[in-house]
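J.: Got a structure for you, written out below as structure tokens; questions coming shortly.
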Amino acid sequence: NIVRHAGSVYGLFEMYELSKYEAPLKDDGVMYLDKASRAMGFIYDALKAPNGDEVGDRICLLHRNRCESGSAALTLLTFLGRPLDPNEVPEQLRREIYRKGDDKLMEGLALTMVDMIDGNGKVFRRYSEAKKLDRVKKEPLYYPGEMMLALVRYYERTQDERWLAAARKIAERQMKWYKRDRFIVPDHWVMQGLYRLWAIDKNDAYADAAYAMATH
């Protein structure tokens, strides 16, 4: 589905990055970039303003005209997962992986995600719900962690405090939820986001929560 499409492309860029350091993967790096480049066209074609965007600068990965927080998050992670230096990518793949206006698309994805966090730090599944409701009724699995990780990584790239504040808001909710209901199986997206928040703030609450989730 659309969320897993974005996640798969992100995974290919992550594998390319790993190929620089992991000896068994070193000959496969260009293959990962080639496969990712084939899927990027679909992502670019599906990036549009979500219904309900009143400002005109929100962007989401749409499927059947629906915007889900998970697809927005994984699409932003896909953009952030590309090699930072385009010259690192073979020329024939470069035009598929990078396009003019990428910075605006990434900011639009981040703005859409911020719209989808309620006052308690819960994450809406769909943009349409976020525009109609004040509070999340039922939080989806995985999407909060994906959003937190995408926003904190976008902060690392831009140093824009808006994205860090939004990531922290999700993190506080996730840590409280886990502490209250420890029978819940922890989400690896949340753990990754908490670790990166700790690396920024050196707030040991993030590290302690991530470690508790990991050992669980």
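J.: Does the range 127-181 classify as rounded, prolate or oblate by the C-alpha gyration tensor (a ≥ b ≥ c root eigenvalues; a/c under 1.5 gives rounded; else a/b over b/c gives prolate, otherwise oblate)?
T.: Values: a/c = 2.15, a/b = 1.31, b/c = 1.65.
The shape class here is oblate.
J.: Per-residue HN-Hα couplings for the range 7-17, Karplus 6.51 cos²θ - 1.76 cosθ + 1.60 at θ = phi - 60°, whole Hz, x for Gly and Pro?
T.: Residue by residue, the range 7-17 yields x, 5, 5, 4, x, 5, 5, 5, 5, 4, 4 Hz.
J.: Scan around His63 for amide H atoms under 5 Å from its own, H built in the peptide plane at 1.01 Å from N, and keep only partners 5 or more places away or cross-chain.
T.: Excluding prolines and chain starts, which carry no amide H, there are no hits.
J.: Still on this structure, I have one more. I'd like the Karplus ³J(HN,Hα) series for the range 137-154: coefficients 6.51, -1.76, 1.60, θ = phi - 60°, whole numbers in Hz, and an x wherever there's a Gly or Pro.
T.: Once rounded to whole Hz, the list reads 7, 9, 6, x, 6, 6, 4, x, x, 4, 5, 4, 5, 5, 5, 6, 5, 5.
J.: Moving on. Could you state the number of Å between the C-alpha centres of the range 118-174 and the range 17-67?
T.: So the two Cα centres are separated by 20 Å.
J.: So what is the 222 nm mean residue ellipticity for the chain from helices alone, if each DSSP H run of at least 4 adds -39500 (n - 2.57) and you divide by all residues, rounding to the nearest 500 deg cm²/dmol?
T.: -20500 deg cm²/dmol
J.: Scan the range 120-200 for trypsin sites (Lys or Arg not before Pro) in coil per DSSP, keeping those whose Cβ has at most 12 other Cβ atoms within 10 Å, and list them by number.
T.: Arg135, Lys137, Lys138, Arg182
J.: What list of ³J(HN,Hα) values in whole Hz, one per residue of the range 158-165 in order, does the Karplus curve 6.51 cos²θ - 1.76 cosθ + 1.60 (θ = phi - 60°) give from phi, with Gly and Pro shown as x?
T.: With coefficients 6.51, -1.76 and 1.60, one gets 9, 6, 8, 5, 4, 6, 5, 4 Hz.
J.: Taking only the C-alpha atoms, wrap a convex hull around the chain and report its volume per residue in Å³ as a whole number.
T.: 132
J.: What shape does the range 115-216 take by its C-alpha gyration tensor, where a ≥ b ≥ c are the square roots of the eigenvalues and a/c under 1.5 counts as rounded, a/b above b/c as prolate, and the rest as oblate?
T.: Oblate, because a/c is 1.5 or more while a/b does not exceed b/c.
J.: Is the C-alpha gyration tensor of the range 61-182 telling us rounded, prolate or oblate? Criteria: a/c under 1.5 is rounded; beyond that, a/b larger than b/c is prolate, otherwise oblate.
T.: Verdict is prolate for the range 61-182.
J.: Now for a separate question. Once R0 is set to 30 Å, what does the formula 1/(1 + (r/R0)^6) return for the Cβ-Cβ distance between Asn87 and Asp201, expressed as a FRET efficiency to the nearest 0.05?
T.: Working: r = 33 Å, r/R0 = 1.11.
Result of the calculation: an efficiency of 0.35.
J.: Going down the table (Lys138/Lys176; Lys100/Lys131; Lys48/Lys100; Lys26/Lys100; Lys35/Lys138; Lys131/Lys169), which pairs top 25 Å between alpha carbons?
T.: Listed pairs above 25 Å: Lys100/Lys131; Lys26/Lys100; Lys35/Lys138.
Read-outs: derived from the displayed coordinates by stated rules, not from any lab. Predicted model only: the values in this text are computed from it and were never measured. In this analysis, Cβ positions are derived from the backbone assuming ideal geometry, glycine residues included, and neighbour counts consider all displayed protein chains.
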